[in-house]
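What follows is one structure encoded as structure tokens, with my remarks underneath.
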């Protein structure tokens, strides 16, 4: 099998990860509480080893490493389910205090060896490891600092395996921590140079989906995490069930990423409508196609009309006609040629899985690589630049061993990526310089993948 190791880092990463295991354990017929198989179909077991390990007593457990610099979140997961392997819980003794420097240099560094040992144990127990998926936020200290530290180690120890990141990106409108812009900025070099696929989960867009689309009061992160979990379930559908397109991380990487540095992807999901709206929904494939290209259904506060799509993929689930799906997706491209770059022909792909998600007859998941992402990157750059100009709160980072130059270097990396995305949306393909897109983390070994 082509196994994947899931690494959940920080409070946000573990919360999203727990919601993800809730969703896919049900899809594979595994009881979330006990780990026992209770499914009814052989398809549920065919590729279950991609994300789950089986024990001698025929129990399944999540191939997940749960990490935090404090033990509270980890202990809650341990109490909640037997789906997690106790040896894969790694916790420190003190919180990173919303400080990248503490997650990277001090508190995170103390538990790095334990984290790598847990990852190594899982990697050595599988037949054919295809890569890692890392769930984290870049607003907090653990999700930003410790994740960067872990990713640097993964690149050194597993250079031939892909790394995909599901990243919660802070929003100024939803911010709870004043130094979030610094943490987000300092996370970017690691994501730019070490990640192969970065799925951007924007808190601003997620809150808007819950309040605007679902007409629900936002009282916590439960509904938001479920939306993210449904989207992750859609993205990984072809990895977990029989299919042709994007049947592995590498195929997804090849189809979606034109240049190594342009790997920041925007996910979307449909349907995302309230119970009242369901009464007026036709429940057709055409509706799903229309919704996944709508900015209201994207998990990132980006308007697709403000840029051009380099590549796009639609993953459909449920009983539907493949011919109808292909025709509708092709029509979208033909009617909106100005919204797609000219220098990548046939840059829209589709995949279909007969197994729908829980509670829905059919669904669609969108993955887009668009030049409009530069607005999100610009938001991160602007937020940190305002504070850095006055050196506000900088002493919290320099006091933990960082230097001001590290902030300036991070800004330069982010600016280069931002400019590259802007150029990628231009019609003249000669303005794209492949040599300029090669990043230090994308070495010859990675290029040969």
Obtain the nm distance between the two label points defined at residue 294 and residue 120 by a simple spin-label model: each point lies 7 Å from its Cα along the Cα-to-C-beta direction. 5.1
What order, most packed first, do the peptides 35-43, 166-174 have when packing is the mean number of other Cβ atoms within 10 Å of each residue? 166-174, 35-43
The whole-number value in µm²/s of the Stokes-Einstein translational diffusion coefficient for segment 119-235, with Rh from the Kirkwood sum over alpha carbon pairs at 10 °C and 1.306 mPa s, is 102
Give the relative contact order (percent, whole number) for the chain; include only Cα pairs under 8 Å separated by 6+ residues. 16
Identify which of the listed values of log10 I(q)/I(0) by the Debye sum over Cα atoms at q = 0.06, 0.13, 0.14 Å⁻¹ was calculated from the structure shown: (i) -0.28, -1.23, -1.43; (ii) -0.49, -1.11, -1.20; (iii) -0.23, -1.22, -1.43. (iii)
Under the 7 Å Cα-to-Cβ spin-label approximation, residue 128 and residue 409 lie apart by a distance in nanometres of 3.8
Hydrodynamic calc, segment 1-154: Kirkwood Rh from Cα pairs, then Stokes-Einstein at 4 °C with viscosity 1.567 mPa s, so D in µm² s⁻¹ is 83
Can you give me the C-alpha center-to-center distance between segment 162-235 and segment 355-429, rounded to a whole angstrom? 12
Comparing 407, 316, 132, which has the greatest mean-square fluctuation in the GNM of the chain with Cα pairs linked when under 10 Å apart? 407
Could you give the length gained on full extension between residue 361 and residue 91, defined as 0.36 nm per residue of separation minus the Cα-Cα distance, in nm? 93.2 nm
Value at 222 nm in deg cm²/dmol, rounded to 500, when DSSP H runs of n ≥ 4 in the chain each add -39,500 (n - 2.57): -12000 deg cm²/dmol
For segment 3-265, report the translational diffusion coefficient in µm²/s to the nearest whole number, using Stokes-Einstein at 20 °C, 1.002 mPa s, and a Kirkwood Rh over Cα pairs. 115
How far apart, in nm, are two points set 7 Å out from the Cα along the Cα-to-Cβ line at residue 45 and at residue 338? 5.6
Before anything else, pin down the relative contact order of segment 3-265: Cα pairs under 8 Å, at least 6 apart, normalised by residue count, whole percent. 21
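We did not get these values from a lab; they are worked out from the coordinates using the rules stated. Since the model is a prediction, treat every value here as computed from it, not as a measurement. Ideal geometry is used to build each Cβ from the backbone, glycine not excepted, and the neighbour counts take in all protein chains shown.
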